[in-house]
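Trainee: Mind having a look at this structure? Questions to follow.
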Amino acid sequence: MGALTIDAAVIERPGEPFRFEQLSMDPPGPDQVRVRIRACGVCHTDMVMRDGNLPVPFPVILGHEGAGVVEDVGRDVAGLSKGDHVLLSFHSCGACAACRDHEPGYCDEFVPRNFLGLRQPGEGSIRRGKVVVGSNIFGQSAFATHALAHMDNVVRIDADLPLDLLAPLGCGVQTGAGTVLETLDVQPGQSIAIMGAGAVGLSAVMAAKIADAGRICVIDRHAHRLALARELGADEVAENLSALVEPFDHIVDTTGVPALLQQSVAMLAPRGTLALVGAYPPQTVAIDPSAIMSMGRRIVGVVEGGIDPRRFIPRLIAYYREGRLPLEKLVKRYPFAQIEEAFAASGQGTVIKPVVVMP
Ligand SMILES: [Zn+2]
Ligand SMILES: [Zn+2]
């Protein structure tokens, strides 16, 4: 089988705009799945990668909330076939202790497989002439008409479901919802404060509602995002943490703002947990250890919600079908050609979850 010509949005060097290009895609290797991408969500991490603040290989094809239809599968791929509708998620090794425990977000190879985009021997790539383009980001690189994903990060869904609306399940939505429903395992009646009302924070709000939390509080700087938080089930919203009445059984930080972390520890109830979900630049936060110790409080780091996408995404789809995950309130669609506009809207915070739709 020969190479396939695809259209992709390429970032040549850190910080540069997208450039549309025709590139050449190899046939899928043994564990790879070729997906005709229909839609891909824009995630905050895409901006961090575009700007060169994560170690991705340039030139690079970003995009890690892909959704589409399987076109071809490698010889070792089981349980997937041509024509299947699929959502793509992050990539993991499948063999380390975390992967065996169904917590692949803590995979030993998380960084090489998701950011470095390294390929295993025999895997297909995307090429510009003889040059291999960075095209295995999160095991997908889905800002393109086609992607080569992997057995472990492809989740089959029913063909009647809207691929463009559900694309963000594979990163942003599962991160917020997984933190609440699995890592924190919020119980009925418990209180929760969510810091930041972006896609991850608002997914945490919807999940807290699903968990039947007693008091759901949200802080954010944007009034329109707080209004949406209320619409999705928040009981109290505020621009500052100090405006909320403490304590909280759970606090979720999606902001990465150090001052908020320091402030929030003191607002935890006895045995309360602070979940760190944001993108944190290298920094130090001063925390009084006795404030953690004496109350049995916890601080936990969370990657991708701490879930296994192949188990958790079907659970999210069931909530979506029941109307408990109204993603249409978060998503705005953009034609693929307007990917720059989609990124600008996300960067300015005017759109919660832009999704680019492929032609
Ligand atoms: Zn692993
Ligand atoms: Zn993401």
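The values are calculated or read from the model by the stated rules, or taken from the named source; none is laboratory data. Bear in mind that the values here come from a model prediction, so they are computed numbers and not experimental data. Please note: Cβ atoms are built from the backbone with ideal geometry, for glycine as well, and neighbour counts cover all protein chains shown. Keep in mind that these areas ignore ligands, DNA and RNA; they rest on the heavy atoms of the full protein, side chains included. Shrake-Rupley method; radii C 1.70, N 1.55, O 1.52, S 1.80 Å.
Trainee: So what J values fall out for region 226-240 if you push phi through Karplus, 6.51 cos²θ - 1.76 cosθ + 1.60 with θ = phi - 60°, rounded to Hz, Gly and Pro as x?
Mentor: Here the 3J(HN,Hα) series is 5, 5, 5, 4, 4, 4, 8, x, 5, 8, 9, 10, 7, 8, 10 Hz.
Trainee: Could I ask something else about it? Within region 256-352, which GluC sites (Glu not before Pro) sit in a loop by DSSP and count at most 13 neighbouring Cβ atoms inside 10 Å?
Mentor: Working: sites: Glu304, Glu322, Glu328, Glu340, Glu341; in loops: Glu322.
Qualifying residues, ordered by number: Glu322.
Trainee: Net charge within 15 Å of Val131 by Cβ-Cβ distance, Lys/Arg positive one each and Asp/Glu negative one each, not counting Val131 itself?
Mentor: Details: positive: Arg13, Arg19, Arg119, Arg127, Arg128, Lys130; negative: Glu12, Glu21, Asp26.
Counting the neighbours of Val131, the net charge comes to +3.
Trainee: Let me ask another. Within the set of other residues whose C-beta is less than 12 Å from the C-beta of Ile11, count the net charge using Lys and Arg as +1 and Asp and Glu as -1. Mind showing how you got there, number by number?
Mentor: Values: positive: Arg13, Arg19, Arg50; negative: Glu12, Glu16, Glu21, Asp46, Asp51, Glu340.
Summing Lys and Arg as +1 and Asp and Glu as -1 gives -3.
Trainee: Counting only heavy atoms of the protein chains, get the accessible area per residue of region 175-303 (1.4 Å probe) and round it to a whole Å² value.
Mentor: On the way: 5510 Å² over 129 residues.
Computed with neighbouring chains in place, this is 43 Å² per residue.
Trainee: Compute the acute angle (0 to 90°) between the alpha-carbon long axis of helix 199-210 and the principal axis of greatest extent of the alpha-carbon atoms of the chain; round to the nearest 10°.
Mentor: That works out to roughly 60 degrees.
Trainee: Now a separate question. Mind putting a number on the dipole of the chain about its Cα centre? Charges go on the C-beta only, +1 for Lys and Arg and -1 for Asp and Glu, and I need it in Debye to the nearest 20.
Mentor: Details: 32 positive and 40 negative charges, 63 e Å.
My answer is approximately 300 debye.
Trainee: A follow-up question, please. Return the Rg/Rh value of the chain, two decimal places, where both radii are evaluated on C-alpha atoms and Rh is the Kirkwood radius.
Mentor: Working: Rg = 20.0 Å, Rh = 20.5 Å.
Reported Rg/Rh, Kirkwood definition of Rh: 0.97.
Trainee: Using the Karplus curve 6.51 cos²θ - 1.76 cosθ + 1.60 with θ = phi - 60°, what ³J(HN,Hα) values do you get for each residue of region 147-157, in whole Hz, with x for Gly and Pro?
Mentor: 9, 9, 9, 10, 3, 6, 10, 10, 10, 6, 10
Trainee: Rg to Rh for region 175-303: what is it, with Cα atoms only and Rh by Kirkwood?
Mentor: Result: Rg/Rh = 0.93.
Trainee: Here's another thing I want to ask about it. Would you grab the residues whose amide H sits under 5 Å from the one on Val133? Only those 5+ places off in sequence or on another chain, please, with H modelled 1.01 Å from N.
Mentor: Here the answer is Ile126, Arg127, Arg128, since their amide H atoms fall under 5 Å of that of Val133.
Trainee: Could you provide, to the nearest whole Å², the per residue accessible area of region 1-147 with probe 1.4 Å?
Mentor: On the way: 5830 Å² over 147 residues.
Result: 40 Å² of accessible area for each residue.
Trainee: Taking a 1.4 Å probe, which of Asp31, Asp101, Asp220 shows the most accessible area, and what order do the others take after it?
Mentor: Working: Asp31 40, Asp101 110, Asp220 15 Å².
Largest accessible area first, the list is Asp101, Asp31, Asp220.
Trainee: What GluC sites (Glu not before Pro) in region 158-260 are in a loop by DSSP, with at most 12 other Cβ atoms within 10 Å of the Cβ? Write out the running numbers ahead of the final one.
Mentor: Numbers: sites: Glu182, Glu231, Glu236, Glu239; in loops: Glu239.
Here the sparse-neighbourhood loop sites are Glu239.
Trainee: Find out how many positive minus negative residues lie around Val200, taking Lys and Arg as positive, Asp and Glu as negative, among other residues whose Cβ is under 14 Å from that of Val200. If you can, show how the numbers build up before the last one.
Mentor: On the way: positive: Arg225, Lys353; negative: Asp46, Glu65, Asp220, Asp253, Glu304.
Within the 14 Å Cβ shell, the charges total -3.
Trainee: I want to verify the translational diffusion coefficient of region 1-60 in µm²/s; compute it with Stokes-Einstein, Rh as the Kirkwood radius over Cα pairs, at 20 °C and 1.002 mPa s.
Mentor: Numbers: Rh = 13.3 Å.
Calculated translational D: 161 µm²/s.
Trainee: In whole percent, how big is the carbon plus sulfur part of the accessible area of region 175-303, probe 1.4 Å, protein atoms only?
Mentor: Details: 2950 of 5510 Å².
The computed percentage sits at 53.
Trainee: If you don't mind, there's one more thing I want to ask. Could you give each residue of region 185-197 its phi-based ³J(HN,Hα) in whole Hz, using Karplus coefficients 6.51, -1.76, 1.60 with θ = phi - 60°, and x for Gly or Pro?
Mentor: 6, 4, 9, x, x, 6, 9, 9, 10, 10, 9, x, 10
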